[in-house]
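Structure record follows, encoded as structure tokens.
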Amino acid sequence: MDRCAVLVDAGYLLGAAASLLAGEPSRSRVSVDHTALIAALRARAEAETGLPLLRIYWFDAAPDRRPLPEHRRLRVLPRVTVRLGALTRAEGRWVQKGVDAVMHAELAELARNRACADVVLVTGDGDLLPGMMSAKEHGVVVHLWALQAADGDFNQSEDLVGEADERRVLDREWIEAWVRLREAAPAHPLGEPRPEIAQLLAAPPAAGHPGHPVARPGPEQPAALADETRQAAALKVVPTPRDLAHRAPAPAAAPASIVLRWSSERGWVDRPGTEHHGTGDSLPILAQLTTAEQRWADREEDITKIGGDAHEVGQVFARRWIDRLGSPSRLTPLWADYPRIPHRLDGELLRYAARFGLLAHKDDQIDEHDRYAIRAGFWKELAARVPGGEALGTDGPADG
């Protein structure tokens, strides 16, 4: 048929873009506007081939072939089909498996079924050479696109370049229309937590318990609190609640049985006989407040609008929870337990965050820094929208 198809090797496309803009092929160094990218690919393919677009095929890899946030955003765009290979661990690094085979099979099917007259390949992998040759034998015109290389040299297989019917190089100007360099996180001295994490670590213990002073983060902190903050900063890694419970000296007037109250960390305990009525633990979780229609709308928003940054995920979750809770005044007891998020709600928050690929490449565990960032985002949203949040908004997680 007189149509064109575009087959994109995402590993090549995004890796080459990162190499050109950031000096290294790590995809995490760049932020991609997928809607703009797809529009640019379609416009360029139709202009170059003179044919209407059949479809853009996006080939990538993911752990267990489970779609990541970018894949979910891509597959709901018009004329886009996502095909996933596996991402596996080999010799201490992540390696794509099966992507070239899936791409080869799709190219062969398109050619054999005469589904298109021209195929645009955005790849550099020489393993696709047999598929390219087979497509040509079925009368398909093959266009091979390369991204401008950072060093001015080729970043494609020479055999692939030699076999293509038409060749083009996509220059830096074209690339910068849909990708930008992601801002690097500010450097901190060795052992010093990021600001939002340090603020959470410096938060006062829960109010209403014997020996626990009632305090709010502010410009003047008690000496004991300052000592605890300095101890946390001295650690080589971000400390867990258990680390702090063992390292921080108890106040002189406090009984020896006091433990650190925190979120749903493994090993968190409360003193026997503690009642949660009238505290944040009595509040309903988001699932209890969400209708079927809202759940569908939430999923649609997650797919199309939420980028998956850990801090943003915490804010989105908090926004929905506050809106559906109805009365912000019901959140007043929550401030007494800052920075501890109620146990059930915190578990729900982390499960929600897992949808955005924050478990990927980490052996199904959310990274310690990501967990802190998720919770800091939660507190930032609450501080901005509920009574009593101004104190936290000044010196708490909102500064992260």
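So the values come out like this:
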read-out: Any hit, the stretch 166-176, residues being in contact (Cβ under 8 Å) with a residue 60 or more places away in the chain, surrounded by 13 or more Cβ atoms within 10 Å (Cβ to Cβ) and part of a loop (DSSP other than H, G, I, E, B); value: yes
read-out: Verdict on GLY98 being among the small types (Gly, Ala, Ser), in the same structural domain as SER19 (by TED's automatic domain parsing), without any contact (Cβ under 8 Å) to a residue 40 or more places away in the chain and in contact with an Asp or Glu (Cβ under 6 Å, 6 or more places away or on another chain); value: no
read-out: Strands (runs of 3 or more DSSP E) wholly inside the stretch 27-140 containing at least 1 residues that are modelled with pLDDT under 95 and touching a strand residue (DSSP E or B) at 6+ places or on another chain (Cβ under 7 Å); value: 30-32, 53-62, 80-90, 93-97
read-out: Pairs where the first residue, in the stretch 139-164, is free of Cβ contacts under 8 Å to residues at least 40 places away in the same chain and the second is among the hydroxyl-bearing types (Ser, Thr, Tyr) and not in a helix (DSSP H, G or I), C-beta under 6 Å, 6+ apart; value: none
read-out: Residue, modelled with the lowest pLDDT, within the stretch 336-357, restricted to residues that are of a type in the set (A, V, I, L, M, F, W, C) and outside any helix (DSSP H, G or I); value: PHE356
read-out: Which numbered condition ALA101 fails, given (1) loosely packed, with under 15 Cβ neighbours inside 10 Å; (2) under 21 Å from ARG3 (Cα atoms); (3) not aromatic (Phe, Trp, Tyr); value: (2)
read-out: Hits in the stretch 106-138 - residues which are among the acidic types (Asp, Glu), free of Cβ contacts under 8 Å to residues at least 40 places away in the same chain and more than 11 Å from ALA5 (Cβ to Cβ); value: ASP127, GLU137
read-out: Cross-chain or 6+ apart pairs with Cβ under 9 Å, the stretch 39-52 first and free of Cβ contacts under 8 Å to residues at least 60 places away in the same chain, then assigned to a helix (DSSP H, G or I); value: PRO52/GLU46
read-out: Breaking point among (1) under 30 Å from ARG89 (Cβ atoms); (2) at pLDDT 80 or above; (3) surrounded by 16 or more Cβ atoms within 10 Å (Cβ to Cβ); (4) among the small types (Gly, Ala, Ser), for ALA360; value: (2)
read-out: Where GLU106 falls short, out of the listed (1) closer than 29 Å to GLU166 by Cα; (2) in contact with a helix residue (DSSP H, G or I) (Cβ under 7 Å, 6 or more places away or on another chain); value: (2)
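The values are calculated or read from the model by the stated rules, or taken from the named source; none is laboratory data. A quick note: this is a predicted structure, and the numbers were derived from the prediction, not measured. Because the Cβ atoms are built from the backbone with ideal geometry, glycine has one as well, and the counts that use them run over all protein chains shown.
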